[in-house]
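A short worksheet on the structure shown next.
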Number of protein chains: 2
Amino acid sequence: MLAGTDSPQSATAPRTTATGEANRERILDAALARFARTGLSGTRIDEIAADAGLSKTNLLYYFRTKNALYLAVLRRTLEMWLEPLRQIDAGRDPQAALAHYVTRKLEAARDCPEASRLFALEVMRGAPMLSGMIAGDLKDLVDAKVALLRHWQAEGRIGVHEPHHLLFHIWAMTQHYADFAVQVEGLTGRTLDDPAFFEQALQAILAAVSGMAFGPPKD
Amino acid sequence: MLAGTDSPQSATAPRTTATGEANRERILDAALARFARTGLSGTRIDEIAADAGLSKTNLLYYFRTKNALYLAVLRRTLEMWLEPLRQIDAGRDPQAALAHYVTRKLEAARDCPEASRLFALEVMRGAPMLSGMIAGDLKDLVDAKVALLRHWQAEGRIGVHEPHHLLFHIWAMTQHYADFAVQVEGLTGRTLDDPAFFEQALQAILAAVSGMAFGPPKD
DNA sequence: ACCACAATTGATCAGATGGTCAAGCGTGTG
DNA sequence: CACACGCTTGACCATCTGATCAATTGTGGT
């Protein structure tokens with residue numbers, strides 16, 4: 001048997017099956033939808049199982065505990081959250097880079113508001129399961145981008161506000177449309193799915209960013 | 001007995017006592033702190049009772065159910081949230097009015113982040129207990145302020161972005177420091193309690209608002 | 001002192017819910 | 001065909017937790 005060594009299904013990794021993978025995906029999707037709305041403690045695993053079309057016991061076959069499932073969802077979603085930030089790089093014009101970032105973030109808020117809400121809930125709980133990531137990967141990435149913004153500042157290509165706040169405010173404005181979607185819709189009757197509304201929001205955010213990064217010297 | 005009629009302690013309202021009122025206050029304070037961090041379902045009423053220095057049974061004497069307590073906390077907090085918005089009125093200079101509003105909101109985020117978090121959690125759940133208020137009082141107030149902003153627009157005293165977004169973004173940026181305090185502190189090592197940090201945040205937000213409301217025509 | 005009622009307690013219940021267990025089913029591979 | 005192993009199920013358990021109840025204590029007013 002040649003296959004023995006390079007398909008390490010021994011002990012650690014169970015043999016991956018078509019149905020198995022499909023089920024895992026469906027569970028993760030259903031779990032994200034539920035967790036993002038009702039939080040960890042407010043979600044029952046039998047609800048998730050029902051949404052995914054499985055029995056509770058069967059769900060527990062794929063994820064041993066509710067917490068493990070929650071962690072898996074969190075991990076899978078993290079990359080989606082970080083990825084747009086990576087794209088701010090030194091090779092671009094600052095204004096174009098920021099505009100691109102804002103657009104990406106607002107698109108993410110429109111296309112996957114659950115991801116935004118999940119992280120918001122987790123952070124608001126005190127991020128007991130993300131504290132490592134916030135202090136680790138996220139901080140490293142943010143520090144790098146802050147350094148880049150400071151570099152642009154030194155070159156006089158963007159304004160003088162503390163870069164951290166610029167990032168925070170971009171996050172805040174874009175994620176607001178995901179996290180507070182109910183309120184936004186309740187007050188305006190519209191959604192980011194409405195292209196005109198999306199464009200309004202985008203332009204307002206870009207104006208705000210311009211005010212922070214490229215605004216006129218306020219004398 | 002003259003007093004009989006105008007102190008209506010008959011049937012409906014139980015006689016209000018010093019200890020009773022004090023306990024109610026302590027319970028509401030403790031409940032706000034807990035609910036704002038772990039949400040409705042994630043909070044046990046015996047935790048709240050312990051924080052307030054009472055037994056669980058005794059807490060249930062003052063608030064019949066967990067839900068009733070949650071609602072009471074929500075109601076008591078709502079006014080704190082709305083009040084700054086009321087102060088934007090036609091009698092002021094637009095720029096001063098907006099700057100004042102932003103300052104008030106950021107102070108609220110610093111001085112009572114729990115209130116902000118409580119509402120954020122509730123809205124993210126879909127606001128099942130606030131839907132009435134969002135569609136009612138809040139919408140009326142927001143509509144009125146939006147009308148005022150439109151009036152200022154017509155007079156050419158502020159910029160041309162849709163007023164709703166201006167309000168949303170002010171809420172988003174200010175509340176971000178309360179709702180995501182853990183993340184902000186994790187990434188910067190600082191808090192709004194640090195006066196210098198507060199001032200940085202405030203100036204950045206004011207610059208953003210200027211960009212939206214008083215920005216240069218982007219030609 | 002007495003009374004009415006607020007305040008407080010401990011025991012206890014009932015339902016919800018996360019998780020376990022042992023057994024059966026399906027399917028691809030030797 | 002038969003074996004192995006992933007998949008699925010239903011019954012069951014243990015615990016947590018919101019809520020109830022009866023009984024006792026404290027207290028202000030007359």
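The values are calculated or read from the model by the stated rules, or taken from the named source; none is laboratory data. No experiment lies behind these values; they were computed from the predicted model shown. Every residue, glycine as well, gets a Cβ built from its backbone with ideal geometry; the counts of neighbours run over all protein chains shown. Just so you know, the surface numbers come from the protein's heavy atoms only, side chains and all, with ligands and any DNA or RNA stripped out. Shrake-Rupley method; radii C 1.70, N 1.55, O 1.52, S 1.80 Å.
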Quiz prompt | Sum of side-chain charges, A:T57 neighbourhood, beta-carbon under 13 Å (Lys, Arg +1; Asp, Glu -1) | solution = +1
Quiz item: Helix B:94-111 sits at what angle to the longest principal axis of chain B, using alpha carbons and giving 0 to 90 degrees rounded to 10?
Solution: 40
Quiz prompt | Vicinal HN-Hα couplings computed from phi for segment A:183-190 (Karplus, 6.51 cos²θ - 1.76 cosθ + 1.60; Hz; Gly/Pro x) | solution = 5, 4, 5, x, 8, 10, x, 10
Quiz prompt | B:V160-B:D111 pseudo-label distance in nm [points 7 Å out on the Cα-to-Cβ vector] | solution = 3.9
Self-check item: Helix axis angle, B:163-179 relative to chain B longest principal axis, alpha carbon, degrees
Solution: 60
Exercise. Could you pull out every one of the lysines with an alpha carbon less than 30 Å from that of A:K105, ignoring same-chain neighbours closer than 8 positions?
Key: A:K66, A:K139, A:K145, A:K218, B:K105, B:K139, B:K145, B:K218
Quiz item: Extent of segment A:17-64 along each principal axis, from alpha carbon coordinates, in Å, largest to smallest?
Solution: 31, 17, 17
Quiz prompt | For the pair A and B, total buried accessible area rounded to nearest 100 Å², probe 1.4 Å | solution = 4400
Quiz prompt | Label-zone membership for segment B:176-219, site A:A135, 7 angstrom Cα→C-beta point, backbone N under 20 Å | solution = B:180-192
Quiz prompt | Chain A, rotation onto B, residue closest to that axis via Cβ, with its distance in Å | solution = A:G211, 1
Practice problem: Just the number, please: Stokes-Einstein D of segment B:81-194 in µm²/s, Kirkwood Rh from C-alpha pairs, 4 °C, 1.567 mPa s. | Solution: 85
Practice problem: Using a 1.4 angstrom probe on heavy atoms only, work out the carbon and sulfur share of the accessible area of the protein assembly as shown in %. | Solution: 55
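Placing unit charges on C-beta atoms (Lys and Arg positive, Asp and Glu negative, everything else neutral), compute the dipole magnitude of segment A:76-213 about its Cα centre in debye, rounded to 20.
Values: 13 positive and 18 negative charges, 45 e Å.
Charge dipole of segment A:76-213: 220 debye, to the nearest 20.
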Exercise. With θ set to phi - 60°, apply the Karplus curve 6.51 cos²θ - 1.76 cosθ + 1.60 along segment B:64-79 and write out the HN-Hα couplings as whole Hz, x wherever there is a Gly or Pro.
Key: 4, 9, 4, 4, 4, 4, 4, 4, 4, 4, 4, 4, 4, 7, 4, 4
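Work out the length of the dipole vector of the protein assembly as shown about its Cα centre, built from +1 on the beta-carbon of each Lys and Arg and -1 on the beta-carbon of each Asp and Glu, and round it to the nearest 20 debye.
My answer is approximately 980 debye.
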Quiz item: Can you give the angle from 0 to 90° between the axis of helix B:195-213 and the longest principal axis of chain B, with both taken from C-alpha atoms, to the nearest 10?
Solution: 60
Quiz item: Taking a ≥ b ≥ c as the square roots of the eigenvalues of the Cα gyration tensor of the protein assembly as shown, is the shape rounded (a/c under 1.5), prolate (a/b larger than b/c) or oblate?
Solution: oblate
Quiz item: Equivalent-ellipsoid semi-axes (√(5λ), Cα gyration tensor) for chain B, whole Å, largest first?
Solution: 38, 23, 15
Exercise. Tell me the distances, shortest first, between B:A154 and the same position across the other copies, using label points 7 Å along Cα→Cβ, in nm to one decimal.
Key: 5.2
Quiz item: Once phi is turned into θ = phi - 60°, what whole-Hz ³J(HN,Hα) does the Karplus curve with 6.51, -1.76 and 1.60 give for every residue of segment B:35-40, x standing for Gly and Pro?
Solution: 4, 5, 9, 10, x, 5
Exercise. Note down the relative contact order for segment B:76-213 as a percent, whole number, built from C-alpha pairs under 8 angstrom at least six residues apart.
Key: 31
